[in-house]
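The values are calculated or read from the model by the stated rules, or taken from the named source; none is laboratory data. Everything numeric in this text was worked out from a predicted model, so none of it was measured. Please note: Cβ atoms are built from the backbone with ideal geometry, for glycine as well, and neighbour counts cover all protein chains shown.
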Amino acid sequence: MVMLVSDRDPVCPGDRIGRDGTDCLSGSGTHVWQGSVVASVVGELRCERPAAGRLPVASVRVGSRSEGPAADVVSAIAIGDEVLCRVRRLNPRYATCDVLCRGTKPLLKNFSGLIRVQDVRATEIDKVSIISSFRPGDLVRAEVISLGEAQSLLLSTAKDSLGVLEARSEQGEAMVAVSDEEMACPVTKTREGRKCAKVQ
Amino acid sequence: MTVDADGPRPDGRMAAECRPTFLRTSAVTSGATGSAYGEFARTRVVVSVFGPRPRDRGAGGSNDPHGMDLDCHVHLPFEAEEEPTSTTSAGPDRAEKEVLLAAKLRQSLLPSIDQDKLAKTCVEVQCTILESDGSDVGPAVMCASFALATSGIPLYGLVTYCTVGLHDGRVLLDPTGGELEACDAEVSVAYLGSRGQVSFLDASGDWSGRSMTECVDTCVEGCRKMQVLVRGALLNSRKE
């Protein structure tokens, strides 16, 4: 298989790298056009083979130095991304939140997200009560399930690893998760209902 | 090839030569995702790119809620204007020209951006023209494409722009301001070199004497030459 550009060579947007499926696969920083893998950003070409005998994945690494952390390719929030958000308002049918971070990277400007009552957990979704799952001010890890209509993203906390990470009790103390359904205040020992994230 | 080589033009170029260019990144360092400063002979342009950021609610009533917005703004140099005559309208004023240039800039640049990767976001391009000599759209488009590339926004390729003017039956590539005013007709093309696609075409004047198709081909040839220059400047900027 022959690639038009060698590993570690600089590429510009629009440069052809190789044939899709025969020479290489499209990785981050590239796109496919008319059967060829083409670079989308300015950077260094990196070819990595995930396993012996498989095609290399061509990706373009954006960054000024060849070693060290690479600046991420600029991209928007996509379906399936894990985001960190803070609950802003509650409604019997959904909770409105401000999406603060994508993965661990803070966003330049906050998006708006919506967690519907049927997306809070995976089991017994008709018996979920929003008030015993979230409260305003909670920090929640959620997954994007849809880009939603005009303003907000649709989020879900239906997995074990998703849910409230940090919350304050009504007295203002930081609470600790005691089960999947409850958090307790270490000072007053009162318990409040939350959909907690299971931290590995 | 229809360009006539009947001797040098006022600035010493032959009919088929483009003006010298100079492109540099990181012109604007505060808050902009990417920026570029370009000099195309005497036309000087600074472009800064902001974003991608979340789209403003209900801005412009766009029909596609998941699409990407490209917001272009152009600022022309402020010139001391003479008193406009009251009998005839003085033509489009500066604000209208800026809006028109921004629309042309947007149309030329939008096909080069990978919009699928930027759903529900808004990218803002602010272009300031410091000094103008000849076509403003061309330097703005090329400098903006350069700035978008340096800011890491996923692109399908670089956009280059070329203008051809028709003067006394002579075809002139990349005319200066003075040459442009003397031309009978002109055509400009914004070209996406990596895909071989034209993203913008602007023609005006009296085309009875010449074939517009041939002149558009000449424009595309000029765009290809500019593509080599811009690409070289982009690779050089990485080393800084």
State whether the residues of the stretch B:194-217 include one that is more than 29 Å from residue B:234 (Cβ to Cβ) and β-branched (Val, Ile, Thr).
yes
Say we look at the stretch A:106-119 and pick out the residues that are in contact with a strand residue (DSSP E or B) (Cβ under 7 Å, 6 or more places away or on another chain) and more than 9 Å from chain B (Cβ to nearest Cβ); which of these is surrounded by the fewest Cβ atoms within 10 Å (Cβ to Cβ)?
A:106
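Out of B:180, B:201, B:172, report the one residue that is surrounded by fewer than 23 Cβ atoms within 10 Å (Cβ to Cβ), away from chain A (no Cβ under 14 Å), in a strand (DSSP E or B) and of a type outside the set (Phe, Trp, Tyr).
Details: B:180 fails: in a strand (DSSP E or B); B:172 fails: surrounded by fewer than 23 Cβ atoms within 10 Å (Cβ to Cβ).
Within the list B:180, B:201, B:172, the selection yields B:201.
Give the residues of the stretch A:36-48 that are within 13 Å of chain B (Cβ to nearest Cβ) and of a type outside the set (A, V, I, L, M), sorted by residue number. Spell out how you get there, then give the answer.
Kept after step one, since they are within 13 Å of chain B (Cβ to nearest Cβ), are these residues of the stretch A:36-48: A:36-45.
Hits for the stretch A:36-48 are A:36, A:40, A:43, A:44.
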With the checklist (1) in contact with a Lys or Arg (Cβ under 9 Å, 6 or more places away or on another chain); (2) surrounded by fewer than 22 Cβ atoms within 10 Å (Cβ to Cβ); (3) more than 10 Å from chain A (Cβ to nearest Cβ); (4) not hydroxyl-bearing (Ser, Thr, Tyr) in hand, flag the one item residue B:193 doesn't pass.
(3)
Counting only residues that are surrounded by fewer than 16 Cβ atoms within 10 Å (Cβ to Cβ), give me the strands (runs of 3 or more DSSP E) lying completely in the stretch A:17-61 with at least 1 of them.
A:30-33, A:43-48
Quick check: is even one residue across the stretch B:120-127 more than 30 Å from residue A:152 (Cβ to Cβ) and polar (S, T, N, Q)?
no
Would you mind finding the one in B:189, B:230 that is under 23 Å from residue B:109 (Cα atoms), out of contact with any His (no Cβ under 9 Å at 6 or more places or on another chain), modelled with pLDDT of 85 or more and in a helix (DSSP H, G or I)?
B:230
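Among the candidates A:63, A:103, single out the residue that is within 12 Å of another protein chain (Cβ to nearest Cβ) and modelled with pLDDT under 85. Quick ask: steps written out before the conclusion?
Details: A:103 fails: within 12 Å of another protein chain (Cβ to nearest Cβ).
A:63 is the lone residue from the list that is within 12 Å of another protein chain (Cβ to nearest Cβ) and modelled with pLDDT under 85.
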Can you pull out every residue in the stretch B:103-132 that is within 14 Å of another protein chain (Cβ to nearest Cβ) and touching an Asp or Glu at 6+ places or on another chain (Cβ under 6 Å)?
B:122, B:124
For the stretch A:131-161, name all the residues that are within 14 Å of chain B (Cβ to nearest Cβ) and part of a loop (DSSP other than H, G, I, E, B).
A:147, A:148, A:149, A:150, A:151, A:152
